[in-house]
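> One structure coming up, written as structure tokens, with questions to follow.
The values are calculated or read from the model by the stated rules, or taken from the named source; none is laboratory data. It should be emphasised that the depicted structure is a prediction, and the values quoted were computed from it without experimental measurement. Neighbour counts run over all protein chains shown; Cβ positions are idealised from the backbone, glycine included.
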Amino acid sequence: MMDIQLWPVAASDVATRVDAIVLVLLLITGAIMTLVLVLLLTFAIRYRRGSGARRGELPELVKKEVEIGWTAATLFLALFIFAWAAATTLGDARPVGDALEIHVAAKQWMWKTQHPNGAREIDALHLPRGTPTRLLMTSQDVIHSFFVPAFRIKQDVLPGRLTELRFTPTQTGEFPLYCTEYCGTLHARMGGTVTVMEPEDYGRWLSAQPQGDDIGHEGAALFVSLGCSGCHAGRGPVRAPGLAGIWGRDVQLADGRVRRVDESYLRDSILQPRRDIVAGYEPQMPSFSGIVGEEELLRLVAYIRSLPGGQP
Amino acid sequence: MSDIAAEGPIPGDAQPHQGLRGGPSYLTAEHGLAAWFLTTDHKRIALLYAAALTVFFFIGGAGAVAIRMELFTPQADLLSADGYNRMFTLHGTVMVWFFLVPSIPNTFGNFLLPLMIGARDLAFPRLNLFSWYLFVGAGALLVYALVAGGVDTGWTFYTPFSTAYSQSYVMAAALAVVLVGFSSIATGVNFIATVHMLRAPGMTWFRLPLLVWALYGTSLVIVLATPVLTLVLLLIVAERAFGLPIFDPAYGGDPLLFQHLFWFYSHPAVYIMILPAFGVVSELVTCFSRRQVFGYTFMVYAILWIAVVGFLVWGHHMFVSGQSLFANIVFSFLSFIIAVPSAIKVFNWTFTLYRGQITFDAPMLYALGFIGLFTLGGLTGLFLASVPIDVHVTDTYFVVAHFHFIMVGGTVSAFYGGLHFWWPKITGRMYPDVWARFAAVLMFFGFCFTFFPQFIMGFLGMPRRYQVYPPEFQIWHVLSSSGAVLLAGAYLLPMGYLAWSLIWGERAEEDPWKATGLEWRTSSPPPRDNFRTMPAVDTGPYLYHPDEEGPRHDRPQAHQNQGRET
Amino acid sequence: MSDGQEALREPWDSLRRQREAASFGTWLFLGSEALLFGGLMMAFTVNRVLHGDAFAAAGHETNVVYGTVNTLVLLSSSLTMAIGAEAARAELRKPTLIGLSLTILFALTFLVIKGFEWRDDFREGLFPGPGFKLQEPATEIFFAFYWVMTGLHGLHVTAGIAVITWFTWQAWNGKRALRSPAFEAAALYWHLVDIVWVFLYPLLYLGGRA
């Protein structure tokens, strides 16, 4: 006989926080449910037709005060749960320095993951336990969603946009990964396994993988072959902002706004160069939308990021 | 889901149904096919809707049967992967737009709204008939899309899958939904105008029965939300038919924009489905408790609160979509706020029982079942409104269970409750009460059996829209599929004994439940013009007992009926 | 009053009440329509914010001459429609017929001009797809909205023409009493069609030329 499981494994820091809220909410809603059922049954039995229970006018207290009372009580309860849940949400969203960055590309119907050193996996992801992890995800076709129940994390993966997930695995083991945004014929088979290992084991595993070029190197090659270096490396006839060390800095834009240089800014600047022109430059760069694909974008961004002085 | 129109014999019945006060009823007033299909009588149109809705309930139900059979084992047994995807799309599309949204408003609403406010008909009778034809036309188009090869986008039509990747009949299905939307809007406009313009003398706003308020709130939501659905589906059609890249990410289009517009309709649509059920249950609970409804004004404001705030919470369907953190928090806040009026309603129904003289006729059993199921469905909504929990359970069976508790446990139970309550008024016949009580109890347990396991497997991580699944979830699926057998039985059973009652049922009195509303102040079934002489109103609703004392079991009659004929 | 009795329908007791209801019902429908076009303009605005330059560049390609002339034509039709509806309420047969006929004429003119404009757009390669005139991808989104918006508005104009023609025909051969609330309802609808255009005109024609 299989043993019946009632609570999913909690294998990340997020899972611990979520489970705490779930537990308290279960208690609260359980109490409300019980209250309603007990009231319904008690009233239904006590005041069945012809029973000897006292009828007559409703006590004055039951009329207005009770109504206002439970309206206020529900409202405060709702606000309390909201406040707690929102605080947790905000806490989870706080960026952690030095996270392990994994790039995830989804397509019908597989997950492609890539480690910082270039090692690639399909429908699988190996992670070291206890290391803050950041997934940078994009889709090559329709919307997918990255869901690992044991981590209590889920995020839609969109075409033409980067989304991310942050968490720290806290338990070793193999955990199922599902696609949870309906994506066509084989949606139900678009899954995989996330394997969490002790950091040493992860290091060993990683070094045993066939090393692709790391992402930054691949980006460097693209930077030349796409012609970016013609202007941005400062040698060409056209004046364009240099990119060395701009990662993480704030740049002044021509229209007075200030933007932090991060993934989404670099992405926008490659795909829609006229949107955020850096102050002092002419809008001359052509759009690379439709020319560079999602995975290439990830590499270009990784390259620009790796340029000297890249870390603030 | 009455079988009345399918039965068909009523117009030409050998024993003409005579109202108690003599004169022909609306069923016998005119004969022949044209008198039905060209009628502008709101009561006959309600029956036309009932017939059409019954057909769609069976189509959507067949989809559910196929899904539950397939999910009995973790492997693919019956259907291909595409076949399964088409099946859940069929189930969702048909059940949402062709059953749940029109269910209570277009049958009971059409039949009862003019009766309850003391009017001869709806404000625009021909528009009413027109909206039925639109509904049937839309239904035909949808059936074409399903028969021609089906649709595999899910009822949500998410882009870019629906625009650029799906190989199925998306355009026909989208246009069908656009058409049925026009039908909804026509009904909504008609109801609002009727409530504003055709109330009987003395029927002030705060004397309206709660079902009328609920239908009024629903109609407001229909009129203001449906056009946005129309728009977003037209944009999908434009993208598929003419290659206009509105949502195409390759051109910089935004797939999230689609989701925002879609849920701007589809969340209020949940309230379109549940508000009328609130109205029905309010009528039932107060009548069978013989007690004035507890907190009438709070009930009214709760309906309006839901109707308004319902427009502002759509973003809680998109917590994991990639919308901003700020948006997530705001939508989470508003979603908690909208829990309050629902809670008010649950407490008020419960306290209506307090110091009542309660009888447990079939409609009351359905109503009590509704309160239990709706409460559980609503409370699980709190889990979904909390962003961190929603991230874990959204797009899993937890959500599937949640909305089935609200829409099926809630709306469909209320529909059956209403059907048993007003059946004598609609057909002039009584049904066998024992069978009806049995069906009500069976429906409650069958429902819990089917959908409660889905909460557990959803929390364990079972994603929705999966044809094949890991074996550890099988036990829950087996429970769910077994429960579905009971539930199907509970849905079919009333169709049997209600059809039986049409011929062999006892004739109903004018007011078999001793209820207070105006619809009971006329014969069963009512005459063509609803009332022999038009009623006037001088009290609020639900005066089952005098204000200063409780109801007495030795006096079954209501203390004061709401209207009298002038 | 025989005229009035003809216009009275079930379930109404008085023509005044029926007229109020027709006008009220039409307003509700217009509210619904406002959300339809409102949603469309909202979607347009979102994209305009996302792709400001592309939308400006694309907006420059629309034909402002046709657009402006059509605005004037449609505004005039609203005037004649108002005259027609008021005349009908006052039961003045001739001005009613003239007002309504002129409205139909203006509306047809609008569609003809729009047809020429669409033909020119098409020839210039302003229909999204292969061979599209402009380079920047998001310009195709602008023109996707252009075709959807003008198309949907064109459908509303066509529906308006059908309804007004039908009522005019009925008024002309005496089948519809001039006191019928239908004329006022049609006029309300027609004003909405006009107002929608007044919003579309700056969005589509002037946005790229500011």
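> Does the range B:149-207 hold any residues that are of a type in the set (A, V, I, L, M), facing another protein chain (nearest Cβ under 10 Å) and assigned to a helix (DSSP H, G or I), and which are they?
Listed by number, the residues that qualify are B:164, B:185, B:186, B:189, B:192, B:193, B:197.
A quick yes/no check of all residues on (1) more than 30 Å from residue C:131 (Cβ to Cβ); (2) out of contact with any His (no Cβ under 8 Å at 6 or more places or on another chain); (3) among the acidic types (Asp, Glu); (4) crowded, with 24+ Cβ neighbours inside 10 Å:
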site	(1), (2), (3), (4)
B:185	yes, yes, no, yes
B:208	yes, yes, no, no
B:218	yes, yes, no, yes
B:232	no, yes, no, yes
B:266	yes, no, no, no
B:279	yes, yes, no, yes
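> Follow-up. Find all pairs meeting these conditions: Cβ atoms under 9 angstrom apart; at least six residues apart or on different chains; first residue within the range A:213-229 and touching a residue at least 60 places away in the same chain (Cβ under 8 Å); second residue of a type in the set (Val, Ile, Thr) and exposed (fewer than 13 other Cβ atoms within 10 Å of the Cβ).
Close Cβ pairs satisfying both conditions: A:226/A:291.
> Do the conditions hold for residue C:109, that is, is it within 14 Å of another protein chain (Cβ to nearest Cβ), assigned to a helix (DSSP H, G or I) and polar (S, T, N, Q)?
Criteria not met by residue C:109.
> How many residues are more than 27 Å from the chain's Cα centre (by Cα) and in contact (Cβ under 8 Å) with a residue 24 or more places away in the chain if we restrict to the range B:548-566?
The total comes to 13.
> Go through the residues of the range A:133-147 one by one and say whether even a single one is over 30 Å from residue B:81 (Cα atoms) and either at pLDDT below 95 or not in a loop (DSSP other than H, G, I, E, B) (or both).
Yes, there is a match, as at least one residue in the range A:133-147 is over 30 Å from residue B:81 (Cα atoms) and either at pLDDT below 95 or not in a loop (DSSP other than H, G, I, E, B) (or both).
> Then there is this: Does at least one position in the range C:155-172 carry a residue that is surrounded by fewer than 16 Cβ atoms within 10 Å (Cβ to Cβ), within 11 Å of chain B (Cβ to nearest Cβ), at pLDDT 95 or above and in a helix (DSSP H, G or I)?
Among the residues of the range C:155-172, at least one is surrounded by fewer than 16 Cβ atoms within 10 Å (Cβ to Cβ), within 11 Å of chain B (Cβ to nearest Cβ), at pLDDT 95 or above and in a helix (DSSP H, G or I), which makes the answer yes.
> Still on this model: What helices (runs of 4 or more DSSP H), lying completely within the range B:356-416, carry at least 3 residues that are surrounded by fewer than 24 Cβ atoms within 10 Å (Cβ to Cβ)?
B:362-385, B:397-404
> Still on this structure, please answer the following. Could you say whether any residue in the range A:153-166 is touching a Cys at 6+ places or on another chain (Cβ under 9 Å), within 14 Å of chain B (Cβ to nearest Cβ), in contact (Cβ under 8 Å) with a residue 24 or more places away in the chain and crowded, with 20+ Cβ neighbours inside 10 Å?
yes
> Condition test on residue A:106, is it buried (at least 18 other Cβ atoms within 10 Å of the Cβ) and assigned to a helix (DSSP H, G or I)?
The answer is no for residue A:106.
> Moving on. What about residue C:34, is it of a type in the set (A, V, I, L, M, F, W, C), part of a helix (DSSP H, G or I) and more than 9 Å from chain B (Cβ to nearest Cβ)?
No, not satisfied.
> Right, here's the next one. Cβ contacts < 8 Å: first residue within 19 Å of residue C:185 (Cβ to Cβ), restricted to the range C:25-50; second residue not in a helix (DSSP H, G or I) and not β-branched (Val, Ile, Thr), any location; separation 6+ or different chain. Result?
Pairs found: C:25/B:123; C:25/B:124.
> For the range A:1-25, which positions are more than 7 Å from every other protein chain (Cβ to nearest Cβ), among the hydrophobic types (A, V, I, L, M, F, W, C) and surrounded by 13 or more Cβ atoms within 10 Å (Cβ to Cβ)?
Residues satisfying the conditions are A:9, A:10, A:11, A:14, A:15, A:20, A:24.
> Going through B:302, B:214, B:307, B:250 one at a time, which residue ends up being assigned to a helix (DSSP H, G or I), of a type in the set (A, V, I, L, M), within 12 Å of another protein chain (Cβ to nearest Cβ) and farther than 24 Å from residue A:159 by Cβ?
B:302
> How many residues are more than 12 Å from chain B (Cβ to nearest Cβ) and in a helix (DSSP H, G or I) if we restrict to the range C:123-149?
Residues in the range C:123-149 being more than 12 Å from chain B (Cβ to nearest Cβ) and in a helix (DSSP H, G or I): 1 in total.
> Now, a different point. Exactly one of these conditions fails for residue B:461: (1) on the phi < 0 side of the Ramachandran plot; (2) in contact (Cβ under 8 Å) with a residue 24 or more places away in the chain; (3) within 14 Å of chain A (Cβ to nearest Cβ). Give me its number.
(1)
> Can you work out which of the residues in the range A:50-93 that are among the charged types (D, E, K, R) and crowded, with 16+ Cβ neighbours inside 10 Å is nearest to the other protein chains (Cβ to nearest Cβ)?
Ranking the qualifying residues of the range A:50-93, first place goes to A:55.
> Considering the range B:466-507 alone, what residues qualify as being touching a helix residue (DSSP H, G or I) at 6+ places or on another chain (Cβ under 6 Å) and within 14 Å of chain A (Cβ to nearest Cβ)?
Passing the criteria: B:466, B:467, B:468, B:473, B:476, B:479.
> Still on this structure, I have one more. Select from the range B:508-533 the residues that are touching a helix residue (DSSP H, G or I) at 6+ places or on another chain (Cβ under 6 Å) and among the hydrophobic types (A, V, I, L, M, F, W, C) and write down the one among them that is nearest to residue B:29 (Cα to Cα).
B:508
> A further question follows. Among the candidates B:173, B:193, B:225, single out the residue that is buried (at least 23 other Cβ atoms within 10 Å of the Cβ), among the small types (Gly, Ala, Ser), within 21 Å of residue B:67 (Cβ to Cβ) and out of contact with any Lys or Arg (no Cβ under 8 Å at 6 or more places or on another chain).
Every option except B:173 fails the conditions.
> Looking at (1) free of Cβ contacts under 8 Å to residues at least 60 places away in the same chain; (2) under 29 Å from residue A:154 (Cα atoms); (3) not small (Gly, Ala, Ser), can you tell me which one residue A:19 breaks?
It fails just one condition, (1).
> Give the residue that is farthest from the other protein chains (Cβ to nearest Cβ), with candidates limited to residues of the range A:139-152 that are in contact with a Lys or Arg (Cβ under 9 Å, 6 or more places away or on another chain) and surrounded by fewer than 24 Cβ atoms within 10 Å (Cβ to Cβ).
Checking each candidate, the answer is A:140.
> Which is modelled with pLDDT under 80 and crowded, with 18+ Cβ neighbours inside 10 Å, of A:306, A:289?
A:289
> Report, by residue number, each residue of the range A:29-49 that is at the interface with another protein chain (Cβ under 8 Å from one of its Cβ atoms) and in a helix (DSSP H, G or I).
A:29, A:32, A:33, A:36, A:37, A:39, A:40, A:43, A:44
> Sticking with this one: Evaluate the range C:185-199: report whether one residue or more is out of contact with any helix residue (DSSP H, G or I) (no Cβ under 9 Å at 6 or more places or on another chain) and either within 14 Å of another protein chain (Cβ to nearest Cβ) or not small (Gly, Ala, Ser) (or both).
No, the range C:185-199 contains no residue that is out of contact with any helix residue (DSSP H, G or I) (no Cβ under 9 Å at 6 or more places or on another chain) and either within 14 Å of another protein chain (Cβ to nearest Cβ) or not small (Gly, Ala, Ser) (or both).
> Only one of these conditions is not met by residue C:13: (1) in contact with a Leu (Cβ under 8 Å, 6 or more places away or on another chain); (2) over 30 Å from residue A:255 (Cα atoms); (3) not in a helix (DSSP H, G or I). Which number is it?
Just one mismatch for residue C:13, condition (1).
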